[in-house]
Amino acid sequence: MTRPAVLILGARSDIGLAVARRFAAEGHPIILAARDSASLADAKADLVLRHSVAVTLAEFDVLDTASHAAFLDGLGPLPAVAVSAIGLMGDQTASEHGAASAALVIRSNFEGPAAILGEIANRMEVRGNGTIVGISSVAGDRGRATNYIYGSAKAGFTAWLSGLRNRLAKKGVHVVTVLPGFVDTKMTAGMDLPAKLTAQPGEVAEAIHRAVTRKRNVIYVKPVWQLVMAIIRNIPEPVFKRLKL
Amino acid sequence: MKLSGWGRYNPQDCRVTRPRDEDTLRARVAEGGLIARGNGRSYGDSAMSGSNTVDMRGFDRMLSFDAEAGQLVAESGVMLDDIITTFLPRGWFPWVTPGTRYVTLGGMIAADVHGKNHHLHGSFGAFVDWIDLMGPDGQVRRCGPLDNSDLFAATLGGMGLTGVILRASFRLRRVETGFIRQETVPTANLTETLAAFEAHQSATYSVAWIDCLASGDSLGRSLITLGEHASVGDLPRRNRTAPFAPPARKKRIIPLDAPGFALNRHTVQAFNHLYYKRGAAKSGHSVTGWDEYFYPLDSILAWNRMYGRRGFVQYQTVLPLATAAAGLRELLETISASGLASFLAVLKRLGPQGRGMMSFPMEGHTLALDFPASRATFALLRRLDAITLAHGGRYYLAKDARLTADTLRQSDPRADRFHQLRSAEGLTRRFASLQSERLYL
């Protein structure tokens, strides 16, 4: 039984690696794409050993949008599922005072992922099938003082995924938007996260796998986040602007 | 965050971080007072540090497997459960497994765990080829029986106090099926129990459930279970086409803390009576799936909640062969007379110590008990300590939550040598657990 391939963009991230493991466990060949992909040799060995699947390492730079088409050509057959686990939190203060660092955050979370997923979507549209998974963030649900550069980029990405889903709904291509909430990863190391609101990378991967198989549209990994964000979105602006969140 | 061992006794506030790369880990080592933690299955405070507990489960990759030698190289945070589910379908099983599969590779090495085959094969450390250890300077050294052999010996059973175990190479054994051919032998008293262990020295696996509330003529009555890896021909016909897939067992979970009185002398006595009668009636041969045979408690997730909110403590000692009969008799009489009941009581014949400098096993018999944490329990355990010391016994650090540095030293002259080695190598400041501070290791 040969399963279709799954492409992980941003494969060095903890969520990306966990998603790779989840799909490999189902027997899917995996393509791990990242910068300095050679450093993923251990991750590749682990996937091959545990799940006896084919694993390919592919060099990929999300910010080098001009290279995206060639990157996809180099992969061979278009994968069945493409997951973007790319994200950059950045430093909010630095982003407020330096256009370059703000641009890096916006490009890494929105422009870059939208460019590569857009290219993949066009090819999947031609083929008539495929699934695109974009990992966005609850930070995009409402801008807050502490991380609105990151949040606004994620908001843009969320809207972009929504539009893409709308465009391809009748073309056989499914688009999943993932809003993980807090996740215990390298990105959040050192932050004091509330345990009940924080997911492990493996839980995110499980939710993504379920969403892909069941063709869900927008998922919050921990259901409680849906409630939390509904409340946050509905706080009237005159009140919200005075809050410390 | 509040952290405790598997016994859930005496939780402490601990700072816990989960690095996922060597550079971050190196920075943690530089902070000092570090102890690595795996899946938190040691019973007491051996994997807890107030200032610097490092959760190693972020290092969980399997790196290579040599199918000729059965040699697996993996990072220390890899779970035994993952090793088994990955390799058993290919015909491999760990040479040594403890009584739970929810332990990490690093934890198994640090505690130098033993299994039901210790009398024949030794402890986990006997099958470790090398260990990559991050030392006090942040450098990673490969230790094995030939290179850095002193450090290797001190790390097997060294409770994480010689450095951070990053990776290790160890061996698996070939098995034909995932089933165990089991034989249950009931014994009527302690003399019979010990004789049965000697009579079955050639059995691959042997362990006794002991009724620690039986007294008088029945003192030490047990059900000894012997086991051998089954061949395909041993299996019932319906299992022969899928020899590595024992029927999945239903997972049960203990959802909340049982009230403190749920396990008392009377309920345990009633249970023990029924369990022994049932076991004795069913004695003889059977074929059992690997998980039910090796990990009966793993099917009850969070079984440690059975003892209520205050948790429980384990008491595990090994008595040398020469004094075991007298010592065990005294231990069992004292427990039976105390009115306290140990729900789980396990007796096992152990072989010699092996390569680990601080490894628990020695030629003799080990008794493992658990008691709900209470003032009466601690008073009883002090009486048991006196008996253990009088008979030349020593303690399993992975189970301990309450020994004193004095008692440890009286039982185990190795403790001072271990501390000297740690001081000489500059390890004491960098690596420390609540247990190592309590026991002055």
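Please treat every number below as a calculation from the coordinates, not as lab data. Please read all numbers here as calculations on a predicted model, not as lab measurements. Neighbour counts run over all protein chains shown; Cβ positions are idealised from the backbone, glycine included.
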**OP:** Treat the count of other C-beta atoms within 10 Å as a stand-in for reagent exposure and order B:HIS285, B:HIS200 from fewest to most.
**Re:** B:HIS285, B:HIS200
Original post:
So, with +1 on the Cβ of K and R and -1 on the Cβ of D and E, and no other charges, what is the size of the charge dipole of region A:6-240 about its Cα centre, to the nearest 20 debye?
Top reply: 940
Original post:
Taking region A:104-195, which trypsin sites (Lys or Arg not before Pro) meet the DSSP loop condition and have no more than 14 other C-beta atoms within 10 Å?
Top reply: A:LYS170
Subject >> Within region B:295-337: backbone nitrogen closer than 20 Å to the B:SER215 label point (7 Å, Cα to C-beta) >> reply: B:326-337
Original post:
Where in chain B lies the longest segment free of trypsin sites (Lys or Arg not before Pro) that are both loop residues by DSSP (not H, G, I, E, B) and have at most 11 other Cβ atoms within 10 Å?
Top reply: B:1-249
Original post:
Which stretch or stretches of region B:305-333 have amide N atoms under 12 Å from the point lying 7 Å from B:ASN264's Cα along the Cα→Cβ direction?
Top reply: none
Original post:
Setting aside same-chain residues fewer than 8 positions from B:LYS2, which lysines have a Cα under 30 Å from its Cα?
Top reply: A:LYS186, A:LYS196, A:LYS222, A:LYS244, B:LYS251, B:LYS399
Subject >> For region B:234-244, Karplus couplings with θ = phi - 60° (6.51, -1.76, 1.60), whole Hz, Gly/Pro x >> reply: 6, 7, x, 3, 5, 8, 5, 6, 10, x, 9
**OP:** Averaging sequence separations of C-alpha pairs under 8 Å and six or more residues apart, then dividing by the length of chain B, give the relative contact order as a whole percent.
**Re:** 19
Original post:
What is chain B by shape, rounded, prolate or oblate, if you read a ≥ b ≥ c off the alpha carbon gyration tensor as root eigenvalues and call it rounded for a/c under 1.5, prolate for a/b larger than b/c, and oblate otherwise?
Top reply: oblate
**OP:** Output the antiparallel fraction of DSSP beta bridges having both residues in chain B, as a percent to the nearest 5.
**Re:** 90
**OP:** With no solvent and one equal point scatterer placed on each C-alpha of region B:125-226, evaluate the Debye formula and give log10 I(q)/I(0) for q = 0.21 Å⁻¹, two decimals.
**Re:** -0.92
Original post:
Gap in Å between the Cα centre of region A:1-78 and the Cα centre of region B:302-361?
Top reply: 49
Subject >> Cα centre as origin, Lys/Arg/Asp/Glu Cβ charges: the protein assembly as shown dipole, Debye >> reply: 2160
**OP:** Average the reciprocal distances over every distinct pair of alpha-carbons in chain A, invert the result, and give the Kirkwood radius in Å.
**Re:** 18.4
**OP:** Mind running the shape call on region A:138-209? Use the C-alpha gyration tensor, a ≥ b ≥ c as the square roots of the eigenvalues: rounded below 1.5 for a/c, prolate if a/b tops b/c, oblate otherwise.
**Re:** oblate
Original post:
Rounded to the nearest 500 deg cm²/dmol, what is the calculated helix-only ellipticity per residue at 222 nm for the protein assembly as shown, with -39500 (n - 2.57) per DSSP H run of length n ≥ 4?
Top reply: -10000 deg cm²/dmol
**OP:** Pull out a ≥ b ≥ c, the square roots of the eigenvalues of the alpha-carbon gyration tensor of region A:21-85, then state rounded if a/c is under 1.5, prolate if not and a/b is larger than b/c, and oblate in the remaining case.
**Re:** prolate
Subject >> region A:1-94: trypsin sites (Lys or Arg not before Pro) in DSSP coil with no more than 15 other Cβ atoms inside 10 Å >> reply: A:ARG35
Original post:
How much of the DSSP beta bridge set in the protein assembly as shown is antiparallel, as a percent to the nearest 5?
Top reply: 65
